[in-house]
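Enquirer: Below is one structure. I have some questions about it.
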Amino acid sequence: MSNPQPLEEEAYDMSGARLALTLCVTKAREGSEEDLVALERMFQQLGFESTIKRDPTAQQFQEEMEKFQQAIDARKDFVSCAFVVLMAHGQEGYLKGMDEQMVELENLFKVLNNKNCQALRAKPKVYIMQACRGEQRDSGETVDGDNIEMITKDSLQTIPTYTDALHIYSTVEGYISYRHDEEGSCFIQTLVDVFTKRKGPILELLTEVTRRMAEAELVQEGRARKVNPQVESTLRKPLYLQ
C-alpha cells in the first residue's frame, strides 16, 4: 500500500501591501452602488488599499489598468497581491464601457501578468468579474440528494508568464449574470459575505461562494433561474486573506 503524504503548504506571503482596483460601470446597472459599498467594506476589513473608478469608457478600462500597474511597479515597499474588480455589461471575453464600446478582457489581464508587472511577479493577482458572458439562462436541474497538485521542492529559476492568477467570473461561459436593482448582485454580495466572515484558502472560500449561489433561487421575469460563478486558477500556493 502506498502511503500518501499531505501537501506541504507554503502559502503566499501576505505581509506586504495589498492593493485593489475596482472599475465599475454604473450607468444602466441598477444595484451596482450596493455592490461597490460591499466591496469597499470587504477591502477595508481585509487590509487593502482600494481605489474605485466609476463609469470608465472602454479605453479607460485599459488606461486605468495600466496606471494601476505603473503605480504598483513604482512602489518601494513589498507588495503581496492585487485584486481587480471589473463590473459592467458584457459578453464572452469582453466588457462594455460607458461609451458602449467593448474592451477585451484578455488585454486587461495581460497588464499585470508576470512579464508586464515586475512587482507582482510570482504574486497572486485576483480578478473578479461581475458581467454577463452570453445570453443563455439556466433554469436549473433536479437532483436526488480531486485533482492532484504536483509541487516541486526545487526553487524556481524561471516562472511562466501566466501563473499566480485567479479569475472569478460571476457566471459560466455563455450565460447572463444577475443583479438586483436595490440589493446588488447575488455574486458580489455572496463573495463579500464569505470573504469577510470566513477564513481559509481562497479557493476553499470560493467553493463556499459557489455552494451558496447554487442553492439560491433567483427570479427573473417571474421565472426561477439558477446561476453559479466560474473560477479559473493558476495559483501556485494557497492564498489566505485573513
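The values are calculated or read from the model by the stated rules, or taken from the named source; none is laboratory data. Just so you know, these numbers come straight off a predicted model, no measurement behind them. Virtual Cβ from ideal backbone geometry, glycine too; neighbours counted across all protein chains shown. Just the protein is used for accessible areas: all its heavy atoms, side chains included, with ligands, DNA and RNA removed. Shrake-Rupley method; radii C 1.70, N 1.55, O 1.52, S 1.80 Å.
Enquirer: With the Cα gyration tensor of the range 84-130 giving a ≥ b ≥ c as the square roots of its eigenvalues, does the rule (a/c under 1.5 for rounded; else a/b larger than b/c for prolate; else oblate) give rounded, prolate or oblate?
Expert: Prolate, since a/c reaches 1.5 and a/b exceeds b/c.
Enquirer: With the cut-off at 1.5 for a/c, could you classify the chain from its C-alpha gyration tensor as rounded, prolate or oblate?
Expert: Because a/c hits 1.5 or more and a/b fails to exceed b/c, the chain counts as oblate.
Enquirer: How big is the gap, in Å, between the Cα center of the range 2-59 and the Cα center of the range 85-115?
Expert: If we compute the Cα centre of each part, the gap is 16 Å.
Enquirer: With a 10 Å radius around each residue's Cβ, average the other Cβ atoms per peptide and rank 55-62, 76-83, highest first.
Expert: With the highest mean Cβ count within 10 Å placed first, the list reads 55-62, 76-83.
Enquirer: Carbon and sulfur atoms: what percent of the 1.4 Å accessible area of the chain do they account for?
Expert: Its accessible area is 46 percent carbon and sulfur atoms.
Enquirer: Could you give the nm distance between label points at K199 and E49, where each point is 7 Å from its Cα heading toward the beta carbon?
Expert: Going from the K199 label point to the E49 one covers 2.6 nm.
Enquirer: Here is a further query. Among residues other than K197 whose Cβ falls under 13 Å from its Cβ, what is the net charge (Lys/Arg +1, Asp/Glu -1)?
Expert: Combined, the nearby Lys, Arg, Asp and Glu give +2.
Enquirer: I need the phi-derived Karplus couplings for the range 160-172: 6.51 cos²θ - 1.76 cosθ + 1.60, θ = phi - 60°, integer Hz, Gly and Pro marked x.
Expert: My calculation for the range 160-172 gives x, 4, 10, 7, 6, 10, 9, 10, 10, 9, 6, 8, 7 Hz in order.
Enquirer: Write down the percent of antiparallel bridges among all DSSP beta bridges whose residues are both part of the chain, to the nearest 5.
Expert: Rounded to the nearest five, the antiparallel share is 35 percent.
Enquirer: Still on this structure, I have one more. Kindly state, to the nearest 0.05, the FRET efficiency for K27 paired with E183, given R0 = 22 Å and r defined as their beta-carbon distance.
Expert: In this case the efficiency is close to 0.70.
Enquirer: Taking the Cα centre as origin and putting +1 on Lys and Arg beta-carbons and -1 on Asp and Glu beta-carbons, what dipole magnitude results for the chain, to the nearest 20 debye?
Expert: Roughly 600 debye, rounded to the nearest 20.
Enquirer: Here is a further query. Taking H placed 1.01 Å from N in the peptide plane, check which residues at least 5 places from C81 or on another chain put their amide H under 5 Å from its amide H.
Expert: Amide H neighbours of C81: L19.
Enquirer: State the number of lysine pairs found in the chain whose Cα atoms come within less than 15 Å, restricting to pairs 8 or more positions apart or on distinct chains.
Expert: 12
Enquirer: Which is farthest toward the positive dipole end of the chain among T207, A17, F61, measuring Cα position about the Cα centre, with Cβ charges +1 (Lys, Arg) and -1 (Asp, Glu)?
Expert: Of the listed residues, the answer is A17.
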